[in-house]
Amino acid sequence: MKKPRAILFFALIATVVVIVKIATAEPHYRGRALTSWLQQCSDMPMDETQRLAEARQAVCAMPRDQVLPRLLQMIETREDTVSPWIIAKCNEFHLHFLKWRSAEDLQLLGIAGFEALGTNASPALTELTDLLRDPGHAFTAVRCLVYLRQPAEPSMCQALTNANPRVRQFAAQQLFWVSDDAETFVAHLTNSLNDPDGNVRFEAIQGIGAQTQCPDLVIPILIRTLERQDGNISAEAASALAGFGTNAMRAFVVLSNAAVSGNFSATAYQAMQTLATLAPERALPIVLQNFHCADRDRRHGALLLLCRYPLKNPAIRSAIEEAVRDEDPKIAEFARNWITGQYRDEHSVNNQFPNDPTCGGKTLGQWLEFDRNPDGSFREDVHDAIVHMGTNAIPGLLARLVYVEPPYGLRTPEAIELNVRAICALIALGRQAIPALPQLQALMDSTNSETVRFAMIASSGTGSNAISLFLKGMTNRFADVRNEAAANMTEGVGAQFPDLRRQAIPLFMNLLNDPDEDVRMNATNQLKEIAPEAAARAGIK
Amino acid sequence: MKTHSYFSACGRWLATLAAVMLPAVSALGDPIEMPEKSITPEISFLIGAAIFFEVICIWLMLRRSRTPRFFILWLVVMHLITYPSFLGSLWLLQNLRPAIAAGIGEGAAVVVEGFLIYFICQIPSHGNSAMATPSILKCLSASFIGNAVSALAFPVFISIYDRAF
């Protein structure tokens with residue numbers, strides 16, 4: 001028995017030693033493996049600066065000759081057929097104590113490692129450059145190369161001609177980080193302007209356009225690209241010219257041509273915008289010419305630009321006012337909204353209600369401007385002020401209840417906010433709001449559904465008097481008013497006066513056949529709650 | 001007395017094994033995360049079925065050799081130690097690709113189980129004492145084939161389970 005025992009013992013020891021050796025093969029720092037630190041680098045959001053710095057410091061503190069081979073091993077990982085199955089099954093059976101990583105996860109950890117090491121990872125330059133030739137790893141390699149900064153410039157330039165357009169695009173986008181000399185940088189990216197892939201060309205022109213310190217080198221390239229009429233690439237060239245200030249005035253003619261000729265496109269719009277930035281006065285006739293042409297898109301583009309034009313003059317104002325009558329509803333609506341916004345900026349809302357009562361030195365309008373509680377009710381002091389103003393506040397509140405923004409009478413979000421504050425104030429008045437009921441009743445016949453709904457809800461504070469408005473609402477022509485009125489019979493006013501709401505039962509029976517599905521459904525539910533026996537008779541289970 | 005000393009020897013072996021394993025667990029340095037809930041009955045059943053296949057396979061391979069009484073029971077008890085150790089080795093190797101870690105873990109299981117089977121077969125037998133005890137090579141082969149059958153059967157069981165539920 002002794003021999004077998006010894007064999008068994010050594011077999012066990014050898015197996016354990018081998019597994020532990022493999023498991024602990026990674027470099028460690030402060031008792032944690034490299035992978036664990038890399039996971040921290042990868043998982044940390046950028047705002048967790050302290051933990052991110054701690055992890056990056058740990059990666060840098062480990063021996064580089066051990067870290068770099070492991071990082072390269074990670075980014076070279078390929079997905080096999082068995083591993084995804086194992087990972088999927090471990091997740092399916094909740095074996096979360098086994099934290100497997102997919103090949104992509106490992107590649108991301110590798111990239112995080114290169115980011116942490118930065119220029120310290122330059123000994124891996126040759127291996128990373130070689131990986132650019134591997135179609136499966138070229139993108140990961142170029143992502144790592146960018147962290148090596150200047151030493152990686154030749155490799156990044158090599159990546160600009162990679163077979164994979166994604167690699168070329170990334171290289172064009174990030175080349176800036178590895179280039180010291182702007183002229184060389186522009187020269188490299190100029191070649192990419194002939195790339196067959198549009199995204200690569202776009203990144204190239206964006207990179208070139210950002211070199212505002214080399215106007216003599218860059219502006220001719222931008223002009224050539226603009227003349228090429230290459231979709232969003234030409235548009236980006238037109239946009240970039242704006243960054244060169246007066247130096248770009250030599251492009252004025254090309255920009256003017258782009259703004260007025262051919263079909264209206266992003267390039268034409270950008271050209272117009274750049275012209276307006278470079279020389280607003282000289283550009284105005286071009287913009288107005290676009291505004292008065294028959295092409296709807298061109299008119300719309302010109303209007304957008306006129307609305308935020310650097311200059312303000314009567315010609316611009318009258319052009320925008322003219323747009324209100326445009327045959328295109330989108331253009332007309334945009335113009336109306338813009339003019340309404342301008343009017344709002346120039347005229348305080350409270351000035352439109354000159355006869356407001358005051359309380360505690362503040363007008364009704366000023367009290368209503370205070371922030372409301374999260375449930376929509378007023379703060380206690382505002383509530384008390386409104387109650388104190390009492391019936392004097394009613395005219396101002398009724399005017400606000402039906403307020404629409406001048407000059408076109410738009411019910412904008414700002415107007416609706418004012419309407420809602422008036423509703424809340426009328427409810428806060430309680431029975432003091434009873435004198436307002438005749439006007440509210442009259443508003444119930446309005447042709448605007450929101451006005452009807454607001455009037456009906458505003459009556460809620462008047463107690464049993466409000467029931468008649470809600471009953472009237474249940475027969476209103478607008479479905480949303482009928483719906484609101486029906487809902488209030490169980491939850492709002494109706495719940496406070498269960499005897500009075502019995503008058504609503506015949507109306508509910510009618511609503512069961514309402515043309516609107518939501519109203520029918522609501523009526524069914526309400527009727528079951530208010531009058532179960534009537535609901536049963538109507539065949540509702 | 002002999003039986004008593006045998007079990008105490010076994011206890012010492014297990015204690016030694018635990019002592020060797022403990023520093024290995026702490027070597028990774030990361031806190032161990034407990035599973036959200038105990039391993040589901042479904043996976044336990046599937047693992048149990050795969051182990052049963054392995055045990056039957058080993059028993060069939062060694063049926064013409066001298067084995068102790070309740071040999072199948074011995075093999076089942078052996079898996080109560082080796083299967084958790086296999087999971088432990090997977091946990092230790094989780095920085096590797098799952099396929100490689102599972103391969104290393106299975107390889108280690110073949111070696112350890114082979115030696116354990118050899119050790120079990122040395123236990124005095126009452127029924128088949130005329131037969132020769134299996135060689136270490138035969139035990140390792142039985143362990144290899146048993147583990148291979150079990151490793152192949154497990155995905156099959158899982159796909160049956162996936163189709164059934």
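The values are calculated or read from the model by the stated rules, or taken from the named source; none is laboratory data. Keep in mind that what you see is a predicted model, and the values were worked out from it rather than measured. Cβ coordinates were reconstructed from backbone atoms using ideal geometry, including for glycine residues, and neighbour counts include every protein chain displayed. Please note that ligands, DNA and RNA were not included when accessible areas were found on the heavy atoms of the full protein model with its side chains. Shrake-Rupley method; radii C 1.70, N 1.55, O 1.52, S 1.80 Å.
Highlighted here are the helices (runs of 4 or more DSSP H) found entirely within segment A:468-541 that include at least 2 residues which are under 18 Å from residue A:454 (Cβ atoms): A:479-488. Of the residues in segment B:88-99, none is open to solvent by 40 Å² or more (accessible area, probe 1.4 Å) and either more than 28 Å from residue A:102 (Cβ to Cβ) or assigned to a helix (DSSP H, G or I) (or both).
Among the listed residues A:363, A:358, A:391, which satisfies the condition of being among the β-branched types (Val, Ile, Thr) and touching a residue at least 40 places away in the same chain (Cβ under 8 Å)? Write out each step before concluding.
On the way: A:363 fails: touching a residue at least 40 places away in the same chain (Cβ under 8 Å); A:358 fails: touching a residue at least 40 places away in the same chain (Cβ under 8 Å).
None of the others qualify; the one that does is A:391.
Being touching a residue at least 12 places away in the same chain (Cβ under 8 Å) and touching a Gly at 6+ places or on another chain (Cβ under 6 Å) is true of residue A:430. Every listed requirement among (1) open to solvent by 20 Å² or more (accessible area, probe 1.4 Å); (2) assigned to a helix (DSSP H, G or I) is met by residue A:389 save one, (1).
The set of residues in segment A:335-376 that are open to solvent by 60 Å² or more (accessible area, probe 1.4 Å) and in contact with a strand residue (DSSP E or B) (Cβ under 8 Å, 6 or more places away or on another chain) comprises A:336, A:337, A:343, A:344. Which one of A:13, A:22 is outside any loop (DSSP other than H, G, I, E, B) and either more than 19 Å from residue B:96 (Cα to Cα) or more than 10 Å from every other protein chain (Cβ to nearest Cβ) (or both)? Unique residue meeting the criteria: A:13. Quick check on segment A:116-124. Is at least one of its residues surrounded by fewer than 18 Cβ atoms within 10 Å (Cβ to Cβ), more than 13 Å from chain B (Cβ to nearest Cβ) and β-branched (Val, Ile, Thr)? Within segment A:116-124, one or more residues are surrounded by fewer than 18 Cβ atoms within 10 Å (Cβ to Cβ), more than 13 Å from chain B (Cβ to nearest Cβ) and β-branched (Val, Ile, Thr).
Take the conditions (1) open to solvent by 30 Å² or more (accessible area, probe 1.4 Å); (2) free of Cβ contacts under 8 Å to residues at least 40 places away in the same chain; residue B:85 misses just one of them, which is (2).
Among the residues of segment A:265-284, which ones are more than 21 Å from residue A:315 (Cβ to Cβ) and open to solvent by 10 Å² or more (accessible area, probe 1.4 Å)? Walk me through it before giving the result.
Of all residues in segment A:265-284, those more than 21 Å from residue A:315 (Cβ to Cβ) come to A:265-267, A:270.
Once the filter is applied, which keeps residues that are more than 21 Å from residue A:315 (Cβ to Cβ) and open to solvent by 10 Å² or more (accessible area, probe 1.4 Å), segment A:265-284 yields A:265, A:266, A:270.
Would you call residue B:145 open to solvent by 60 Å² or more (accessible area, probe 1.4 Å), among the aliphatic types (A, V, I, L, M) and away from chain A (no Cβ under 14 Å)? For residue B:145, the condition - open to solvent by 60 Å² or more (accessible area, probe 1.4 Å), among the aliphatic types (A, V, I, L, M) and away from chain A (no Cβ under 14 Å) - is met. Filtering segment B:63-82 to residues that are in a helix (DSSP H, G or I) and without any contact (Cβ under 8 Å) to a residue 24 or more places away in the chain leaves B:72, B:73, B:77, B:80. Take segment A:392-413 and flag every residue that is part of a helix (DSSP H, G or I) and surrounded by 15 or more Cβ atoms within 10 Å (Cβ to Cβ). Correct list: A:392, A:393, A:394, A:395, A:396, A:397, A:398, A:399, A:400, A:401. Taking segment A:319-334, which residues are in a helix (DSSP H, G or I), open to solvent by 20 Å² or more (accessible area, probe 1.4 Å) and either touching a Lys or Arg at 6+ places or on another chain (Cβ under 9 Å) or modelled with pLDDT under 90 (or both)? Result: A:330, single match.
Whether any residue in segment A:296-305 is open to solvent by less than 30 Å² (accessible area, probe 1.4 Å) and within 30 Å of residue A:452 (Cα to Cα) is what I want to check. No, segment A:296-305 contains no residue that is open to solvent by less than 30 Å² (accessible area, probe 1.4 Å) and within 30 Å of residue A:452 (Cα to Cα). Report whether or not residue A:19 is closer than 30 Å to residue B:111 by Cα, in contact with a helix residue (DSSP H, G or I) (Cβ under 8 Å, 6 or more places away or on another chain) and modelled with pLDDT of 85 or more. So residue A:19 fits the description; yes.
Select from segment A:472-501 the residues that are surrounded by fewer than 20 Cβ atoms within 10 Å (Cβ to Cβ) and more than 15 Å from residue A:519 (Cβ to Cβ) and list them in ascending order.
First pass over segment A:472-501, keeping only residues surrounded by fewer than 20 Cβ atoms within 10 Å (Cβ to Cβ): A:472, A:475, A:477-480, A:487, A:490-492, A:495-500.
Hits for segment A:472-501 are A:472, A:491, A:492, A:495, A:496, A:497, A:498, A:499, A:500.
Contact annotation: residue pairs with Cβ atoms under 9 Å, 6 or more positions apart or on different chains, pairing a residue in segment A:330-342 that is over 12 Å from residue A:299 (Cα atoms) with a partner that is of a type in the set (S, T, N, Q), are A:337/A:412; A:340/A:412; A:341/A:412. Restricting segment A:28-57 to residues that are surrounded by 19 or more Cβ atoms within 10 Å (Cβ to Cβ) and outside any helix (DSSP H, G or I), which is nearest to the other protein chains (Cβ to nearest Cβ)? Restricting to residues being surrounded by 19 or more Cβ atoms within 10 Å (Cβ to Cβ) and outside any helix (DSSP H, G or I), the top hit is A:33. Scanning segment A:58-95 for residues that are open to solvent by 20 Å² or more (accessible area, probe 1.4 Å) and in contact (Cβ under 8 Å) with a residue 60 or more places away in the chain turns up A:60, A:76. Here is the figure for segment B:97-123: residues that are more than 7 Å from every other protein chain (Cβ to nearest Cβ), in contact with a Phe, Trp or Tyr (Cβ under 9 Å, 6 or more places away or on another chain) and farther than 20 Å from residue B:140 by Cα total 1. Just one residue in the set A:7, A:87 is at the interface with chain B (Cβ under 7 Å from one of its Cβ atoms) and under 40 Å from the mean Cα position of the chain (by Cα); that residue is A:87. Within segment B:111-134, track down each residue that is of a type outside the set (Asp, Glu), under 19 Å from residue B:56 (Cα atoms) and in contact with a Ser or Thr (Cβ under 9 Å, 6 or more places away or on another chain). Across segment B:111-134, the qualifying residues are B:111, B:112, B:114, B:115, B:116, B:117, B:118, B:120, B:121, B:128, B:133, B:134.
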